[in-house]
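The values are calculated or read from the model by the stated rules, or taken from the named source; none is laboratory data. Please read these numbers as outputs of a predicted model, since none were measured by experiment. Using ideal geometry, Cβ is built from the backbone for each residue, glycine included, and neighbour counts are taken over all protein chains shown.
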């Protein structure tokens, strides 16, 4: 298991950290929120594209950078530090992975260069209920003469309110709960019968509900084999989960750093509050959790690149622990800051809000504990 | 030892493999049994005679202490070679030939702080497992506040005279020698402590085992009454013992967190999810039917996995020359929590089968789990309490200040 970054990965990490700090600080998210942008930020997207961040997972033959998940994880961690709203998770991780893993030559040639260049924003439209349940797909794709007709609804699709292209998970066979019979379709945002309901979300990143009413798609819009979408979807979801865990780790680390800073400056009773043992021990416990979880995420990222056979387990480990971690740290961040932590002017609340979204997307701690137990045979 | 070129390491690997093949007895390639662990020393009985052969052979090569200098009987291996040895031993599932506080704690400290004569005198017998050492640190009045220790050491011209009491001395009743912190200056605290070693058979030394809640007695109360210690058995400088003590605690904390814990259960105990499957049952999908217990077991397994990965990460970082200082306190704190959680889950999953004490009415593994659970309560106390480790993390790692 590789825990040491290569020179390229380290350079990318440094670039991403500096970029998040200088170009995507928390004040930038506030500014987007206050002018009602709902997380839509074409200017920043263009800068991210210029740095090549969208193409990290895209092979070089499709104009990508052709690095791996360890590299991508550094970028996700960096954007997590400033809880930045970017389409990287959906486009550069999920979209790029699904197309790379399962797309036809024509699909790859058409979309991967556009993903890598930042020209196309992609959104995976998966969940239909309020909780992540990737097998519970009821959206129907009915075979017709020329292709398929899609009918159904998708909830809380992140970046759904500004995506150019959707990957719709639909059922071509069987019933909700079954892996066999799931198929993946590429659907452009202007497809007839597709309606997008933008959502104002607690983290100010935005999302959308999708309604599909007799959306007609051609055979060439099917990704991979019919009924066998799960074989592409599951490994892609694991990459997304690991990337999101890396993002949450960045947020937790930044919130922790902010708290540590406050402990060393705020005085009460004539003392730095960081000298109070009740706070010291809680800080030390948070730090221990941070270190333990950092190892899980590093292992999961390199596990994908090394093609290990326990990636599913590592992904659930990373996502479950990162979910618990970000709640622990963001809740304590508010508490440690006291009254100021309750104000909108202070950043701690923003981390706590984003934490809820980071946990809910692609499966929370309880989803991944259940999966981990199943993978371990109990 | 600058010969770690790949082809040389490969040659070394072949040499190690052949040697192990020829010298590791068959029964030493089976999982360790609790009562066959070799601690060495004069009282060692070698329940399995092969373990004696194995210790002697490994000791002669210096491979019980692979990285210690060969001039004192150590293996003289480079880090890379020591890793090869470890890998090759793991490959044939070879048992560690020796468990020893001398190897884990005293030896490394002596190599760092001892004089030439002391190293020559003590290190070879540690490597060969001939001397079993115990640690005289805690006292009835000096636990977490270790530097408050009062055991008196007076300079009597041609010898030191020791009077006082130690407690929680691991296996003092089995040990040949003790390394001991004593007070040589009462007017100052940390700067008045010295580090001495002496023979446990010296006149005036008495060790009494302490019975724990688990029924076992791994620790003793140790009394010193007018014990005379030769002058050349002071390690380091007079009143300079605290520096050595702190360094040695780091070795202790890393060896504890590397899996040297009491109460890990010992051999024959299954993981908690297996007991849960057997005793609680599973539903039609194979899930343990008590969802709450299942989730808590999973949470523990994830913690344990995270712990293992963190050990790996810090090993790799150290290898790559990156700063990993102070991980010992983090890992000691985490290891205690991990082991205690596991022990609690084992007893909970066993249900009333986990509530036995002795006799045929309970299975051996279940009784071990019960006693292991009780023993594990010490994990957050021994070798620095969890609270002390959290203090160390806050102050030394996070840089938080002392209360004024």
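So, in the range B:13-61, exactly how many residues are at pLDDT 95 or above and in a helix (DSSP H, G or I)?
28
Can you go through A:2, A:68 and tell me which one is at pLDDT below 95 and surrounded by fewer than 24 Cβ atoms within 10 Å (Cβ to Cβ)?
Being at pLDDT below 95 and surrounded by fewer than 24 Cβ atoms within 10 Å (Cβ to Cβ) holds for just one of A:2, A:68, which is A:2.
Can you tell me how many residues within the range A:271-304 are more than 20 Å from residue B:314 (Cα to Cα) and either surrounded by fewer than 23 Cβ atoms within 10 Å (Cβ to Cβ) or at the interface with chain B (Cβ under 8 Å from one of its Cβ atoms) (or both)?
13
Using the structure shown, decide if residue A:233 is within 21 Å of the chain's Cα centre (by Cα), part of a helix (DSSP H, G or I) and away from every other protein chain (no Cβ under 11 Å).
Answer is yes for this residue.
When you look at residue B:82, is it touching a residue at least 24 places away in the same chain (Cβ under 8 Å) and either assigned to a loop (DSSP other than H, G, I, E, B) or out of contact with any strand residue (DSSP E or B) (no Cβ under 9 Å at 6 or more places or on another chain) (or both), yes or no?
no
I want to confirm something. Restricting to the range B:317-343 and keeping residues that are over 22 Å from the mean Cα position of the chain (by Cα) and surrounded by 14 or more Cβ atoms within 10 Å (Cβ to Cβ), which single residue is farthest from the other protein chains (Cβ to nearest Cβ)?
Checked the range B:317-343; the qualifying residue farthest from the other protein chains (Cβ to nearest Cβ) is B:319.
For the range B:376-404, give me each residue that is in contact with a helix residue (DSSP H, G or I) (Cβ under 8 Å, 6 or more places away or on another chain) and away from every other protein chain (no Cβ under 11 Å).
Of everything in the range B:376-404, those that are in contact with a helix residue (DSSP H, G or I) (Cβ under 8 Å, 6 or more places away or on another chain) and away from every other protein chain (no Cβ under 11 Å) turn out to be B:376, B:377, B:379, B:380, B:382, B:383, B:384.
Evaluate the range A:342-357: report whether one residue or more is closer than 21 Å to residue A:295 by Cβ and part of a helix (DSSP H, G or I).
yes
Would it be correct to say that residue B:367 is free of Cβ contacts under 8 Å to residues at least 24 places away in the same chain, at the interface with another protein chain (Cβ under 10 Å from one of its Cβ atoms) and either over 26 Å from residue A:320 (Cβ atoms) or assigned to a helix (DSSP H, G or I) (or both)?
No; evaluated as a whole, the condition is false for this residue.
Out of all the residues in the range B:69-79, which are part of a helix (DSSP H, G or I) and either at positive phi or over 21 Å from the mean Cα position of the chain (by Cα) (or both)?
Matches in the range B:69-79: B:70, B:71, B:72.
Scan the range A:240-270 residue by residue and report those that are assigned to a helix (DSSP H, G or I), farther than 20 Å from residue A:26 by Cα and within 12 Å of another protein chain (Cβ to nearest Cβ).
A:263
Would you confirm, using the coordinates I've provided, whether residue A:12 is under 19 Å from residue A:81 (Cα atoms), assigned to a helix (DSSP H, G or I) and either touching a helix residue (DSSP H, G or I) at 6+ places or on another chain (Cβ under 7 Å) or within 14 Å of chain B (Cβ to nearest Cβ) (or both)?
Spelling it out, residue A:12 is indeed under 19 Å from residue A:81 (Cα atoms), assigned to a helix (DSSP H, G or I) and either touching a helix residue (DSSP H, G or I) at 6+ places or on another chain (Cβ under 7 Å) or within 14 Å of chain B (Cβ to nearest Cβ) (or both).
Could you check, for the range B:288-300, whether at least one of its residues is closer than 24 Å to residue A:3 by Cβ and more than 7 Å from chain A (Cβ to nearest Cβ)?
Yes, the range B:288-300 contains at least one residue that is closer than 24 Å to residue A:3 by Cβ and more than 7 Å from chain A (Cβ to nearest Cβ).
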